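For reference, the structure is listed below as structure tokens.
The values are calculated or read from the model by the stated rules, or taken from the named source; none is laboratory data. Only a predicted model underlies this, so the values are computations on that prediction, with no experimental measurement involved. Neighbour counts run over all protein chains shown; Cβ positions are idealised from the backbone, glycine included. Each accessible area value is taken on the protein alone, full model and side chains, heavy atoms only, with ligands, DNA and RNA left out. Shrake-Rupley method; radii C 1.70, N 1.55, O 1.52, S 1.80 Å.
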Amino acid sequence: MAAPLLLSTIILALVVVASSTHGTMANGVFQVCRKFHIVDGVYKGSDIGALQTHDENRHHRRNLMAAELPLGGFNIPYGTGLYYTDIGIGTPAVKYYVQLDTGSKAFWVNGISCKQCPHESDILRKLTFYDPRSSVSSKEMKCDDTICTSRPPCNMTLRCPYITGYADGGLTMGILFTDLLHYHQLYGNGQTQPTSTSVTFGCGLQQSGSLNNSAVVIDGIIGFGNSNQTVLSQLAAAGKTKKIFSHCLDSTNGGGIFAIGEVVEPKVKTTPIVKNNEVYHLVNLKSIDVASTTLQLPANIFGTTKTKGTIIDSGSTLVYLPEIIYSELILAVFAKHPDINMGAMYNFQCFHFLGSVDDKFPKITFHFENDLTLDVYPYDYLLEYEGNQYCFGFQDAGIHGYKDMIILGDMVISNKVVVYDMEKQAIGWTEHNSVEEACGRSEGLSPIGRMHGGL
């Protein structure tokens with residue numbers, strides 16, 4: 001695993017408005033690393049297949065009955081995330097590496113008494129376990145605490161349990177605790193100062209399924225889904241931050257920046273989040289252009305119902321489109337290349353091409369409500385996996401079991417400042433390169449603008 005980027009170097013990527021003008025609110029930022037490594041902008045053949053496997057595990061729905069969720073339980077219908085960072089918990093602070101997941105809402109880390117938990121992983125050489133006895137600021141939640149949904153009768157000595165299920169079969173169970181979350185505030189002079197806030201989170205006592213897979217597990221997960229049960233909601237309720245977060249992800253080298261707070265510059269145009277009963281960030285997609293020509297599609301193809309809609313999901317690697325959209329899109333993209341012979345690999349359509357794909361293939365533009373557009377360039381959607389070998393990054397959702405869903409993943413929202421405004425229920429973005437150097441290096445960060453009012 002690449003060495004983590006020091007927080008002091010991350011602030012080179014941000015120019016912030018002095019926090020003194022916004023009361024006790026200040027800005028926070030995390031450097032993130034990507035679980036799938038990219039070398040010189042190229043995916044190797046085995047990594048191409050791993051991208052689909054990751055997404056299939058994440059998107060396949062798993063229904064958990066309400067009766068299965070005990071006090072304080074969470075129901076997470078998607079699989080785990082793609083990016084991770086480090087945080088501090090407890091007094092004294094202990095470092096944990098956690099996944100940042102915009103498709104879920106729970107915050108938990110492995111507990112010291114966890115059964116069947118791996119102690120090492122391919123991502124982290126050694127996992128870290130939360131020990132409440134080693135933290136003087138730790139407090140165990142009881143079943144009559146307000147954050148725990150009590151079901152009478154409740155004995156005041158009983159703990160408040162949680163259970164979180166993931167689509168890929170992963171399951172975590174444990175007890176809710178409150179402890180200090182440690183982070184760095186950013187100030188107007190670009191300097192950081194450590195601070196901490198009390199939050200409630202899960203201490204995992206038993207893990208199963210994918211959460212026991214030593215190839216991909218880390219210390220825990222922080223969910224940033226569209227929910228009032230996230231750690232972001234807790235911080236906002238405590239007056240520590242506005243309920244806004246953003247990220248700028250690096251598609252070339254696989255790292256990036258994740259920040260909490262209001263973006264002042266660059267200006268970001270937004271589109272409304274569609275109201276729904278899930279944790280997804282659903283938006284209204286209106287049309288798709290290829291080389292400035294609109295695809296001719298059925299009028300209702302972009303509608304939002306209980307079974308279809310458009311999801312912005314940084315935890316997914318690729319883009320999934322209903323079969324009719326996918327078919328029209330691939331025809332339009334390759335219209336000027338009738339001589340290209342496609343071959344299937346891991347359900348990708350792949351081909352050999354000499355020359356610059358950026359010069360020979362068209363730009364794709366997604367149009368959303370409120371005239372927000374998302375431009376996708378050939379270097380975004382044509383994934384190079386070997387010399388002069390490319391795979392079409394868009395996927396037929398039906399083949400993968402998603403049918404009418406449109407899922408816009410990391411492939412099309414990287415190299416942009418993406419802002420999730422949970423207060424106004426809106427998402428927006430503007431193009432920008434987030435990181436010039438590979439994840440783990442300390443130089444070459446490029447500015448993503450001014451922020452204030454964050455973690």
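Overview of results
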quantity: Segment 268-341: chymotrypsin sites (Phe, Trp or Tyr not before Pro) in DSSP loop, at most 14 other beta carbons within 10 Å; calculated: none
quantity: Size of charge dipole - segment 270-438 - debye, nearest 20, with Cβ of Lys, Arg +1 and Asp, Glu -1, no other charges; calculated: 560
quantity: Amide H within-cut-off set for M141, under 5 Å, with H built and near neighbours excluded; calculated: C160, L176, F177, T178
quantity: Chain lengthening between K95 and T305 when straightened (0.36 nm per residue, less Cα-Cα); calculated: 71.4 nm
quantity: Too-long pairs where the Cα-Cα distance tops 19 Å, listed order kept, from K95/K126; K275/K424; K267/K416; K308/K363; calculated: K308/K363
quantity: Order of exposure, largest accessible area first, which applies to D289, D86, D358, D339 with probe 1.4 Å; calculated: D339, D358, D86, D289
quantity: Positive dipole terminus of segment 270-438, leading residue within G393, V279, N300 (C-beta point charges); calculated: N300
quantity: Ratio Rg/Rh, restricted to segment 285-354 and using Cα atoms, in which Rh is the Kirkwood radius; calculated: 1.00
quantity: Solvent accessible area, Å² - S121, 1.4 Å probe, full protein context; calculated: 10
quantity: Sorted largest first, extent of segment 168-325 alpha carbons per principal axis (Å); calculated: 54, 46, 34
quantity: Under 14 Å from the R133 label point (7 Å along Cα→beta-carbon), backbone N, segment 191-223; calculated: none
quantity: Solvent-accessible surface (1.4 angstrom probe) belonging to T128, in square angstrom, nearest 10; calculated: 40
quantity: Computed accessible area, W429, all protein chains, 1.4 angstrom probe, square angstrom; calculated: 20
quantity: Diffusion constant of segment 270-438 at 25 °C, which comes from Stokes-Einstein with the Kirkwood Cα-pair radius and 0.890 mPa s, µm²/s; calculated: 147
